[in-house]
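> Before I ask anything, let me first share the structure, which is written out below as structure tokens.
The values are calculated or read from the model by the stated rules, or taken from the named source; none is laboratory data. Bear in mind that the values here come from a model prediction, so they are computed numbers and not experimental data. Reconstructed Cβ throughout: ideal geometry from the backbone, glycine too, with neighbour counts over all protein chains shown. Keep in mind that these areas ignore ligands, DNA and RNA; they rest on the heavy atoms of the full protein, side chains included. Shrake-Rupley method; radii C 1.70, N 1.55, O 1.52, S 1.80 Å.
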Amino acid sequence: TPMTFRPFLSSVLRGEEAAELTPEDRDRLEAFAAEAEAEGVLALVRDECAGRQRQPGCTSGTDYLLGVACARHGEVERALQTLLALGERLAGEQRWEPLAAVAERSLSLGETQAGARLLVRAHEGLGVDPARLEALERAFGILADDLDLGLLFAQRLAEAGMGERRRDLLSGMLPA
């Protein structure tokens, strides 16, 4: 029955569960949304999260669950907007690991410029290669006209000792 999932949902909405958006938290929220979908109560989960979001003290866990519920419910635009807003909040809090995951989740729904920029911010914050280089490459694929991003990517390639890739990138950025 739908009541079996009530305690977990309530604890997420109260901020007692999954509030930090650790990898384990995200896995549990994703699994919970899949379960809610299978039980036919996804719209209820979405509406509960949306209601909680309008109140003060809403956690990242509630925002993430709302985004995932919307995505599973076919409301891709709403899911994207929810995840991007969550990403901005995480960026402001300099919470780079969850930001990277939220940016990835948003990009899995749609390759937006905002999602690409959040991915770069996350990986610049984390500062770990090769993940950072992969994020820059992916973002530059989406934002190919962004000169600043291209130059940052070139700088990171140089720092990683990848001079040939750097030269290829820079020559590709130059006007014909």
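> So, for the chain, what is the accessible surface per residue at a probe of 1.4 Å, expressed in square angstrom?
50 Å²
> Please report, largest first and rounded to whole Å, the three semi-axes of the ellipsoid equivalent to region 44-112, where each semi-axis is the square root of five times an eigenvalue of the C-alpha gyration tensor.
Square roots of five times the eigenvalues give 18, 16, 8 Å.
> Mind checking the dipole of region 1-58: about its Cα centre, +1 per Lys or Arg Cβ, -1 per Asp or Glu Cβ, Debye to the nearest 20?
Here the size comes out at about 300 debye.
> Could you check how much of the accessible area of the chain is carbon and sulfur, as a whole percent, using a 1.4 Å probe?
Roughly 52 percent of what the probe reaches on the chain is carbon or sulfur.
> May I pose another question? Using the C-alpha atoms of the chain, what convex hull volume per residue, in cubic angstrom, is computed?
113 Å³
> Run lengths n ≥ 4 of DSSP H only: what is the helix-derived mean residue ellipticity at 222 nm for the chain, with -39500 (n - 2.57) per run over all residues, to the nearest 500? Each step should come with its number before you reach the end.
Details: 10 runs with 131 residues, N = 176.
The helix contribution divided over the chain gives -23500 deg cm²/dmol.
> Can you give the relative contact order of the chain as a percent, counting alpha carbon pairs under 8 Å and 6+ residues apart?
Normalised by residue count, the contact order of the chain is 13 percent.
> Could I have the simple spin-label model distance between LEU152 and GLN55, label points 7 Å from Cα toward Cβ, reported in nm to one decimal?
Result: 3.7 nm between the two label points.
> Another question, if that's okay. Separation between the GLU164 and GLU111 pseudo-spin-labels, each 7 Å from Cα along Cα→Cβ, expressed in nm?
The two pseudo-label positions are separated by 2.5 nm.
> Using a Förster radius of 41 Å, what is the FRET efficiency between ALA85 and GLU39 based on their Cβ-Cβ separation? Nearest 0.05, please.
0.90
> A follow-up question, please. Taking just the alpha carbons, could you work out the radius of gyration and Dmax for region 1-102, both in angstroms?
Cα only, region 1-102: 12.4, 40 Å (Rg, Dmax).
> Using alpha-carbon positions, what is the distance between the centroids of region 47-100 and region 160-174, in Å?
36 Å
> A further question on this structure: With the Cα gyration tensor of region 73-151 giving a ≥ b ≥ c as the square roots of its eigenvalues, does the rule (a/c under 1.5 for rounded; else a/b larger than b/c for prolate; else oblate) give rounded, prolate or oblate?
oblate
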